[in-house]
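Engineer: Would you mind keeping the following structure in view while I ask a few things?
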C-alpha cells in the first residue's frame, strides 16, 4: 500500500486560544504492555523527553501531537489511536496537551528524527532527538527533567493509564522510512570554462 500523508491527518479545527504569554506544546505518551514508556534523548542535553512540540496556528492539539511524533520519531499514528489526556500545567509560560497510545514494543533503535535545529557551537543542523529507548515507569525521575517528571508521575498515573489503554485496541503505528542523508556541503567548484 502506498503511503498517503492524508491517511493520518484529522480535519482542521479552530486554533487553540492560549492565555497571553502562554505557549502550548503537544505530544504523545507511548506505552507498551511491558509497563514501559518511550522516551527520546534530547540532543546536547542529559535528559530524555516525550515526542512533543509547539502547535501551529492552524492546528488542533491532536494534529500537532501527531505531527510532532512523526517529526521526532518517524512514527505515524492515527488520531483514533489516541486517548486525549487534556491540557496539563507544565511550566510558568508553557502548558502541555498530551495524548496517549498503547503500542507494541518495537526496536526503538529504528526511530529517527527529521526535526532539526541550528547548533550554535558547531554551526551545523542537528536532529532535536538523537536517541530513543523504552524505560520502565520508575525510571522517569532519573531520565526526565523535574518538570516533565511532575507531569508524568504526579499529574498522570502511568500504571492506571496503561490499564485504561488496555481496554482499547492496540495502536499499530507505521514507521516511515528515514530520509536519505544529506551530503556534506562541498567547497569544490567546477573548473572555469575555456573559451574557444
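Every number here is computed from the coordinates shown, using simple stated rules; none is lab data. All figures in this text were calculated on a predicted structure; none of them were measured in a lab. With ideal geometry, Cβ positions are generated from the backbone for all residues, glycine too; neighbour counts draw on all protein chains shown.
Engineer: All but one of (1) surrounded by 14 or more Cβ atoms within 10 Å (Cβ to Cβ); (2) under 22 Å from residue 56 (Cβ atoms) hold for residue 106; which doesn't?
Structural biologist: Unmet for residue 106, out of (1) surrounded by 14 or more Cβ atoms within 10 Å (Cβ to Cβ); (2) under 22 Å from residue 56 (Cβ atoms): (2).
Engineer: Would you mind stating whether residue 130 is under 18 Å from the mean Cα position of the chain (by Cα), under 22 Å from residue 53 (Cα atoms) and in contact (Cβ under 8 Å) with a residue 24 or more places away in the chain?
Structural biologist: Details: under 18 Å from the mean Cα position of the chain (by Cα): yes; under 22 Å from residue 53 (Cα atoms): yes; in contact (Cβ under 8 Å) with a residue 24 or more places away in the chain: yes.
Answer is yes for this residue.
Engineer: Given (1) touching a residue at least 40 places away in the same chain (Cβ under 8 Å); (2) out of contact with any helix residue (DSSP H, G or I) (no Cβ under 9 Å at 6 or more places or on another chain), where does residue 109 come up short, assuming only one miss?
Structural biologist: Only one criterion is unmet by residue 109, namely (1).
Engineer: Which of the strands (runs of 3 or more DSSP E) contained wholly in the range 91-134 include at least 3 residues that are farther than 26 Å from residue 157 by Cβ? Spell out how you get there, then give the answer.
Structural biologist: On the way: elements: 94-102, 116-118, 125-127.
In the range 91-134, 116-118, 125-127 are the strands (runs of 3 or more DSSP E) which contain 3 or more residues that are farther than 26 Å from residue 157 by Cβ.
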